[in-house]
Amino acid sequence: MAFNTPPDASAGGEVGGTTISADGESSIIRLGTPTKQKVVFGHTVNFTPGSEEGSTNSSPDTPCPSTGRSIAKKPVSVLTLPAPIPDKVANIQFDADGDVVLVLKSYKGTARFQVNSSILCMLSPVFRAMLGAGSHFKEGKELASRGPGMAPVEVKIEDDDPDVFAVILRILHHQYDSVPKVIRGDKLYKVAILCDKYDLRKALSFVLDKWIPTPHKLPPVILPRGVVSQPDKELFMAYVFGMEEVFKTVSKDLILTYKDMGIFGHTLQFDNVPQIIVDEIMAARAMAIEAIVSFVHQSITLYDNPMRVQCQYGRECCDAFVLGLLIRNFKKMGLYPEASSICMQSVKHIRGRIAFLEQPEFAFFDSCKAVGCCDNPLLCTCKSSRCNNCNHKLCVRCKNAYKLAHEVNHASCAPFGSFVAKATDVVDKIEGLEYSRFVGKKKDEGNNGSDTEANANLWDCLQYI
């Protein structure tokens, strides 16, 4: 989190995921910078909160990660509705003697929360940087010069949900009787946004354990009609709340099911998810698709080689037959000759289409030439019922079975089964991202034992010198 201080300021730094900007008149906490960027794969959209409706900034055509071919993108519009804020005010005193009033505006009106700055500074590094001792922000200086009996200092906050913020402030001020006992996934997502913005995971951990009783599963999300899943939001919640197994599971699901137009018609925005995580997911997806496209092209090249016959019976016409089947099927799938539409398909979808390739049942080629053994087969003429050569139609010279060409079914020469096996192998080898790669684990010092031992140490924490 970058702090942009006034010209006379000497402090600033990274805290959480928030940018706090200060000017001569007021300080406003914003999630991100005043000009935001939303990255939807293939598009970089810059927009300013409160900008005119329908502002769009699409990047040029983006190359497909597996083929490098430029693929046209549809522009993404960011729609903002400049609805007037009603002249309604909601006042809540979380601390009757609070020295700070947080002001949040929304479509419902203006919310004013009287809070204790000491609590905020103790539990949130973001508020500590803004309101703590030695702060170079306007509100921090006003708070430092505030005398007894003076009005609380007002702090304007943007982009935050007042209802969710109110619940979080109740938790921070230990008003647990007014904290919901259960929470829906959509509300939990908003909690995650504020938790990440103000670095409140530790402060909320006690309540989060109650809201998320199963560490391997998030509460259900109330989804818009027609939307089956919102894994981008689930990934962000797992990241913020440190749910390692959920993070790994959801990231694997995204690698397998993501395509340029989202998942099941839902366009994934990956709002608030660190870009490095999104890049890792897209890189793993691109590698899996590249692996599938690679063995498809290798197989076509193999059957297109006139110097080597792949048919198990040595028939060139069979190779031509199989080559035609492969080119026709993979053109239909968009995998050959150029994977022009590959970015519009998910890894799971491509594997499914390969699994449903229709294997031919019969393929005969008329000829009187014997196949399946040596060039000049010698047939046994004893006609004895005990003769193994006669019973199994074996060539006396090479001991291999022989048939006339028109008796041989070449349908089994088509390698569709191997394609399914290879595509399945690619999918099976995909693993989700490891949470520890993106968030450093903080281990309790001196605690290398069980949870019981750790709890015992907490009851014996005084050191007498």
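Report whether or not S251 is in contact with a Gly (Cβ under 6 Å, 6 or more places away or on another chain) and not aromatic (F, W, Y). So S251 passes the test. For segment 361-411, residues that are assigned to a loop (DSSP other than H, G, I, E, B) and either at pLDDT below 75 or open to solvent by 40 Å² or more (accessible area, probe 1.4 Å) (or both) total 33.
Here A288 meets each of (1) among the small types (G, A, S); (2) open to solvent by 20 Å² or more (accessible area, probe 1.4 Å); (3) in a helix (DSSP H, G or I) with one exception, condition (2). Working only within segment 219-239, note down all residues that are modelled with pLDDT of 80 or more and farther than 27 Å from E158 by Cβ. Correct list: P231 only. When the residues of segment 418-465 are filtered to those that are at pLDDT 80 or above, assigned to a helix (DSSP H, G or I) and open to solvent by 100 Å² or more (accessible area, probe 1.4 Å), the one that is farthest from F241 (Cα to Cα) is D428.
Is one or more of the residues making up segment 164-185 closer than 25 Å to E234 by Cα and of a type in the set (S, T, Y)? No, because not a single residue in segment 164-185 is closer than 25 Å to E234 by Cα and of a type in the set (S, T, Y). When segment 297-309 is filtered for residues that are open to solvent by less than 50 Å² (accessible area, probe 1.4 Å) and over 36 Å from the mean Cα position of the chain (by Cα), only Y303 remains. Can you name the residue in segment 96-111 that is assigned to a loop (DSSP other than H, G, I, E, B) and of a type in the set (G, A, S) and, of all such residues, is surrounded by the fewest Cβ atoms within 10 Å (Cβ to Cβ)? So the residue we want is A96. Screening I119 with (1) open to solvent by less than 10 Å² (accessible area, probe 1.4 Å); (2) farther than 17 Å from D161 by Cβ; (3) among the β-branched types (V, I, T); (4) under 37 Å from the mean Cα position of the chain (by Cα) gives one miss only, at (1). For beta carbons closer than 9 Å, sequence separation of 6+ or different chains, a first residue in segment 291-306 that is free of Cβ contacts under 8 Å to residues at least 60 places away in the same chain and over 26 Å from K348 (Cα atoms) and a second that is open to solvent by 40 Å² or more (accessible area, probe 1.4 Å) and not in a helix (DSSP H, G or I), the qualifying pairs are Y303/Q310. One residue stands out among those in segment 174-187 that are touching a helix residue (DSSP H, G or I) at 6+ places or on another chain (Cβ under 6 Å) and in contact (Cβ under 8 Å) with a residue 24 or more places away in the chain: the one that is farthest from L123 (Cα to Cα), which is I183.
Yes/no matrix, rows are residues, columns are (1) within 39 Å of the chain's Cα centre (by Cα); (2) among the basic types (K, R); (3) open to solvent by less than 10 Å² (accessible area, probe 1.4 Å):
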residue: F94; (1), (2), (3): yes, no, no
residue: F113; (1), (2), (3): yes, no, yes
residue: F137; (1), (2), (3): yes, no, yes
residue: G147; (1), (2), (3): no, no, no
residue: P152; (1), (2), (3): no, no, no
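Mind listing whichever residues of segment 195-219 are within 20 Å of the chain's Cα centre (by Cα) and open to solvent by less than 100 Å² (accessible area, probe 1.4 Å)? Of everything in segment 195-219, those that are within 20 Å of the chain's Cα centre (by Cα) and open to solvent by less than 100 Å² (accessible area, probe 1.4 Å) turn out to be C195, D196, K197, P215, L218, P219. Of all the listed residues (F165, F127), the sole one being closer than 16 Å to N91 by Cα, open to solvent by less than 20 Å² (accessible area, probe 1.4 Å) and within 38 Å of the chain's Cα centre (by Cα) is F165.
The values are calculated or read from the model by the stated rules, or taken from the named source; none is laboratory data. The model shown is predicted, which means the values in this text are computed figures rather than measured ones. Positions of Cβ are generated from backbone atoms using ideal geometry, with glycine treated the same way; all protein chains shown enter the neighbour counts. All accessible areas refer to the heavy atoms of the entire protein, side chains included, with ligands and DNA or RNA removed. Shrake-Rupley method; radii C 1.70, N 1.55, O 1.52, S 1.80 Å.
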